[in-house]
Every structure is written in structure tokens, then in C-alpha cells.
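Data block below; observations after.
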Amino acid sequence: MVRRPHILLVEDDRLVLATLTRGLDDEGFEVSAAQTAAEAVSAIAKRAPDLALLDVRLPDVSGIDLAKHLKDRAGVPFLFLSAHGDADVVQQAVDLGALGYLVKPVDVAQLVPELRAALARAEEIAALREVEDQLRIALEQGREASIAVGVLMERFRLDRGGAFELLRSRARSERRKLAGLAQEIIDATELLSLIRTKRPDDKR
């Protein structure tokens, strides 16, 4: 079976919460419902969702403060749902890294494509962070990996993340250690440099 995306829906209006929960369930989502930030934090502690949809105005803590908790402690991506499009609140949402900001009223038909787009974006961001983390670890672990990444950046006009991903993918496909492949790239580069700089009449 295909796993259903798990959405945490935080909305203080009981009728809206029930309507959206039922509608999203019919559209193939698994929904955890909460009316307060406290209920949301409790739900996340039990099982982290793939994405959280947060009402900006909650009875205990604002949706903005809840989003800060999700970002700093739980690593859950989020977007906002609000009855108001206040510019200051929207800017706070943007600064926090929200994947969307929807103004009520919204129905399930409007919500589904927004949620699917946000889920896809969240996956892309997670993949980029994984590459960045692996790059950081590789650069911390060895001078050879750092030099090899620099060589690939220059040779293929890549940024650092792209060069590391190329090195990592090649090592994985050849079932080799990254450090060993990095050293081979360095050796090959040094050999080519020697050949280019050596004069034809140089007998050494």
C-alpha cells in the first residue's frame, strides 16, 4: 500500500477542523487534529507528521510561536491558515520558512494542491539538507575530500553541494569509500598537471 501523507491540522474552530479533517481523509491524507498548540505539541511527541497546517490564531499560543517550536525542536515543515492576510504576520511566516500562507475561507478542493505542493517542497528541502550535512561531515573528516570537491567544482562548473553529490554518487555506484575515490581524483589531477608543465625536451 502507498503510505498516506500525514498532516497535522491545528485549528481552533471545531466545525472547520472537523470539516477539513474529514475532507482531507477522503482525499487520501492521514490527519491528526488539534485545537490548541498544547494538543499539537502532544501529538507531535507521539508521532511527527510530514507537514503541519497551522491556524495563526490559537487560544493558548499563537500559530507563529507554535511554528517556531516546530522549526527549532521537531523539524516539522509547516504552512499557515488564517482568517487575515495581515502583512506583518505574513512576513513573520516567510521569515520562519513557512511553505505557504492560506487565507480563509478555504475548502478541501483548494487545500489539497497546496498541501501536495508543500509536501513536495519539504522533500526537496530535506534532500538538500542531507547533502549539506554529508558534505560538512566529509569536509570535516578529510583534506582529500575537500580538495577533490574543489577539483570537481572547477572541472564541471558546479557549486560545492553539486560537486560533493557527484563525488558521493560515484563512490556509491562503484561501492568504494569516498576518501579513496577522492585521493584517486587528486592523484589524477596532479599527474595531468605534471604532464602539462613538463617540456617535451625535458629528459627527467
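Return P(r) of the chain (all Cα-Cα pairs; 5 Å bins starting at 0; whole %; ordered from short to long distances).
Final binned percentages: 1, 7, 13, 14, 12, 9, 8, 8, 8, 7, 5, 3, 2, 2, 1, 1, 0, 0.
Helix 108-141 versus the longest principal axis of the chain: what angle, 0 to 90°, nearest 10, using Cα atoms?
30
Counting only helical runs of four or more DSSP H residues, what would the 222 nm mean residue ellipticity of the chain come to if each run contributes -39,500 (n - 2.57) and the total is spread over all its residues?
Rounded to the nearest 500, the figure is -19500 deg cm²/dmol.
Please say if region 142-197 is rounded, prolate or oblate, where rounded means a/c under 1.5 for a ≥ b ≥ c the square roots of the C-alpha gyration tensor eigenvalues, and otherwise the choice is prolate for a/b larger than b/c and oblate otherwise? Walk me through the intermediate numbers first.
Details: a/c = 2.00, a/b = 1.34, b/c = 1.49.
Since a/c reaches 1.5 but b/c is at least a/b, the shape of region 142-197 is classed as oblate.
Is any residue of region 82-116 close enough, with backbone N under 16 Å, to a label point placed 7 angstrom from the Cα of ARG57 along the Cα-Cβ axis, and if so, which?
In region 82-116, the label zone of ARG57 (backbone N under 16 Å from the point 7 Å along Cα→Cβ) covers 82-90, 102-106.
On a 0 to 90 degree scale, rounded to 10, what angle separates helix 178-197 from the longest Cα axis of the chain?
40
Near ALA117, within a Cβ-to-Cβ distance under 15 Å, what is the net charge of the other residues, with Lys and Arg +1 and Asp and Glu -1?
On the way: positive: ARG116, ARG121; negative: GLU27, ASP50, GLU114, GLU123, GLU124.
Once all neighbours under 15 Å are counted, the net charge is -3.
Helix 37-46: angle to the longest alpha-carbon principal axis of the chain, degrees 0 to 90, nearest 10?
It is inclined by approximately 50 degrees.
What do you get when you divide the Cα radius of gyration of region 6-123 by 2.2 N^0.38 Å, with N the number of residues?
Details: Rg = 12.6 Å, N = 118, 2.2 N^0.38 = 13.5 Å.
Here the answer is 0.94, to two decimals.
What aspartates and glutamates could a cross-link reach from LYS46, if we take a straight Cα to Cα line under 16 Å and drop same-chain neighbours fewer than 8 places away?
Counting by Cα, and skipping residues close in sequence, LYS46 has these aspartates and glutamates nearby: GLU30.
None of the figures in this text is laboratory data; all of them are computed from the coordinates on show. Just so we're clear, the structure is a prediction, and the values are computed from it rather than from any experiment. Neighbour counts are summed over all protein chains in view; Cβ atoms, including those assigned to glycine, are modelled from backbone coordinates with ideal geometry.
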